[in-house]
Amino acid sequence: MSSAAPSPPATVSGASYAAAAVTMAHYKAADSKREQFRRYLEKSGVLDTLTKVLVALYEEPEKPNSALDFLKHHLGAATPENPEIELLRLELAEMKEKYEAIVEENKKLKTKVKFLKEFMLKIISPLMTV
């Protein structure tokens, strides 16, 4: 068996080495930013939510015509409410309560009007026959 002699190490000029070091530092910084962003997405629940929606799409027996619409629909249901929508919902609930109170007051007033009409008729009827 013959063994090949090891080749001498490749020489790198100073400029090439500096360029390679800068490029590696750039990639490390980019990797670090990507890793920070990935942790952010994981911590905020985005990765989990996206995974669930994509799994739901994968498991869908009849694939929708638009996968993007499917994602939008399912993500819309899974995301927190827009603060403006929540305010509108609260306002709607308040308006419903006010409406119900007004309907109840209206019923009571109609009952009073009916009672007063009957009372007035009892008082006026004998006077009309005289």
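The values are calculated or read from the model by the stated rules, or taken from the named source; none is laboratory data. Everything numeric here is computed off the predicted structure, so don't read it as measured data. Every residue, glycine as well, gets a Cβ built from its backbone with ideal geometry; the counts of neighbours run over all protein chains shown. Side chains included, ligands, DNA and RNA excluded: accessible areas come from the protein's heavy atoms. Shrake-Rupley method; radii C 1.70, N 1.55, O 1.52, S 1.80 Å.
Couple of notes before you dig in:
- Residue check, TYR58 of a type in the set (Ser, Thr, Tyr), over 27 Å from TYR40 (Cβ atoms) and open to solvent by 70 Å² or more (accessible area, probe 1.4 Å): no
Conditions tested, residue by residue: (1) open to solvent by less than 90 Å² (accessible area, probe 1.4 Å); (2) charged (D, E, K, R); (3) touching a strand residue (DSSP E or B) at 6+ places or on another chain (Cβ under 9 Å).
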| position | (1), (2), (3) |
| --- | --- |
| TYR40 | no, no, no |
| PRO64 | yes, no, no |
| GLU84 | no, yes, no |
| LYS108 | no, yes, no |
| LEU116 | no, no, no |
